[in-house]
Structures are given as C-alpha cells and as structure tokens.
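Okay, structure first, notes after.
The values are calculated or read from the model by the stated rules, or taken from the named source; none is laboratory data. Not measured: the values here are computed from a predicted model. Virtual Cβ from ideal backbone geometry, glycine too; neighbours counted across all protein chains shown.
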Amino acid sequence: MEPRIVFRVQAEPFDITKEIDALAGLGDDVGAVTSFTGYCRSEGGRLLALELEHYPGMAEEEIGRVVQEAVTRWPLTGLTVIHRFGMMRPGDGIVLVATASSHRLAAFEAAEFLMDYLKTRAPFWKKEHRADGSSGEWVEAKELDDQAASRWQTSI
Amino acid sequence: MTEIKLIYFALVRERIGLAEERLDVPASVKTVAELAAWLQLRGEEYAYAFENPAIVRAAIDRKHVKPDALIAGAQEIAFFPPMTGG
C-alpha cells in the first residue's frame with residue numbers, strides 16, 4: 001500500500017497529538033510512530049522571538065523531494081512534516097516530523113533523516129529578536145548540520 | 001540580454017535592500033557564479049551582499065544549484081545564505 005504522505009508549510013501552530021493520532025490510526029500494521037518537534041527557545045532569556053523567513057513555493061517543493069526520498073528508503077506507512085514560518089515565541093513549535101511504520105527502526109531512522117535534510121535543504125532562515133531590544137542577528141548555519149546530513153549519502 | 005527574475009532572502013535580501021527584481025542579464029553571464037559577480041558590480045549594497053561568496057547559496061527555478069550551474073533558460077534565480085530552518 002502507498003504510504004500516506006502529508007507535508008505542509010504554514011504560519012498557524014500545529015497540534016502534535018492530532019498529527020500523531022492520524023498516523024497511529026492508519027491501520028493494524030502500524031507498530032511504531034515516532035515524532036520530533038523543534039521548538040523556539042529563549043537562550044536563557046536573551047531572545048524574545050525567532051522570525052522564520054521562507055521561500056514560498058521552493059519550501060514546499062524541497063520538503064516534497066526530501067519526503068519522497070524518505071518513503072523510497074524506508075518502509076513507512078505514513079509520514080507527516082509540518083514547517084512553520086513567521087514569528088515564533090519561546091515554547092512555540094517550529095517544525096514537526098512524524099513517521100509511522102510496522103517497526104521502530106524504520107520510523108526512527110526516517111524521522112532523523114528527514115530532520116537532517118530539512119535543516120540543510122529546506123529554504124527557511126531564522127532571525128533573532130532580542131529581549132534587550134537591540135537589533136537581532138540572522139542565525140548562522142552550523143557545520144554540524146551539514147555533517148549530520150552528509151552521513152545519509154543521497155543524491156538529492 | 002535576457003530578463004530574469006531575481007529573488008533574495010534573509011541576509012542577502014537585507015543587504016541588497018530588495019526582495020526581488022527583474023534584470024536584463026547580458027548573454028556573457030553564463031553561470032550562477034558569474035551572475036553573482038556581475039551583480040556585485042551594480043553597487044555597494046550588492047558588493048556587500050556577495051562579499052563572501054562562500055556563504056551565498058543559489059536556486060534556479062526553485063531547485064538548489066552549485067555556483068557553476070548554467071543560468072540559460074532560467075525563469076527565476078534566488079540567492080540566500082545557508083538555510084537555518086528546522
């Protein structure tokens with residue numbers, strides 16, 4: 001059976017429980033659902049908010065390419081990716097990746113792969129808004145993220 | 001000359017001071033790296049935006065490309081810093 005694929009780029013918050021329940025309810029063969037949620041943090045009170053800029057159109061297409069690669073590599077029953085844009089306050093969920101499979105290994109690995117690839121390929125940029133009112137910086141990309149993505153060795 | 005839609009994001013957008021524009025690009029400009037070099041000559045905002053080519057990425061028609069990618073036939077070329085989503 002074809003896996004159920006859901007991916008969205010949106011300003012609105014997401015409901016983690018609802019998304020996980022939708023994957024768990026895909027049928028009797030779902031034995032594992034894993035999820036990862038990335039949150040906005042305050043960095044010890046230094047940040048008031050993070051502003052997420054994105055490239056409309058390409059963001060959806062790029063996530064679509066990464067998602068296709070994941071369902072080709074792992075036997076998944078379903079997969080959900082939601083990435084938000086706009087202003088995020090500490091505690092707000094920014095990104096959700098959830099995967100369903102018969103067994104945990106595929107679900108874990110696919111979710112990790114998706115996050116590594118979203119970090120380095122999905123066209124989103126974070127700008128800091130500081131609590132002290134000073135002009136915030138753009139968050140710099142980490143070399144660690146590139147290393148994490150490169151271990152999967154794909155052609156995309 | 002070919003008219004191309006150029007789009008800028010994040011730090012590149014802020015430094016240039018524009019989110020997008022349409023420019024007539026001379027036929028002698030063949031690759032993404034050559035386009036970035038040509039844009040740098042348009043003014044100090046552009047020179048500033050592209051001062052460190054190592055941290056500027058590009059996409060042609062919404063697909064990631066390397067600096068040596070050919071721009072012939074492109075409808076839309078975007079320049080941006082390395083992604084920091086997720």
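Some observations on this one:
- Among the residues of the range A:107-119, those identified as facing chain B (nearest Cβ under 9 Å) and of a type in the set (A, V, I, L, M) are A:115, A:118.
- Only one of the listed residues (B:21, B:3, B:45, B:34) is out of contact with any helix residue (DSSP H, G or I) (no Cβ under 8 Å at 6 or more places or on another chain) and part of a helix (DSSP H, G or I). That residue is B:34.
- Filter result (assigned to a loop (DSSP other than H, G, I, E, B), within 7 Å of another protein chain (Cβ to nearest Cβ) and touching a Phe, Trp or Tyr at 6+ places or on another chain (Cβ under 7 Å)) within the range A:120-152: A:123
- Counting residues in the range A:110-126 that are in contact with a strand residue (DSSP E or B) (Cβ under 9 Å, 6 or more places away or on another chain), surrounded by fewer than 15 Cβ atoms within 10 Å (Cβ to Cβ), modelled with pLDDT of 95 or more and closer than 26 Å to residue A:33 by Cβ gives zero.
- Flag if residue A:99 is among the polar types (S, T, N, Q), away from chain B (no Cβ under 14 Å) and touching a helix residue (DSSP H, G or I) at 6+ places or on another chain (Cβ under 6 Å): yes
- Failed item in (1) in contact with a Ser or Thr (Cβ under 9 Å, 6 or more places away or on another chain); (2) more than 14 Å from chain A (Cβ to nearest Cβ), with residue B:10 passing the rest: (2)
- Picking from residues in the range B:48-86 that are out of contact with any strand residue (DSSP E or B) (no Cβ under 8 Å at 6 or more places or on another chain), part of a helix (DSSP H, G or I) and more than 9 Å from every other protein chain (Cβ to nearest Cβ), the one that is surrounded by the fewest Cβ atoms within 10 Å (Cβ to Cβ) is B:54.
- Every listed requirement among (1) in contact (Cβ under 8 Å) with a residue 24 or more places away in the chain; (2) more than 30 Å from residue A:133 (Cβ to Cβ); (3) among the β-branched types (Val, Ile, Thr) is met by residue A:95 save one, (2).
- From A:41, A:46, residue being touching a Pro at 6+ places or on another chain (Cβ under 8 Å) and not aromatic (Phe, Trp, Tyr): A:41
- Scanning the range B:12-47 for residues that are polar (S, T, N, Q) and either surrounded by 15 or more Cβ atoms within 10 Å (Cβ to Cβ) or under 21 Å from residue A:55 (Cβ atoms) (or both) gives B:31, B:40.
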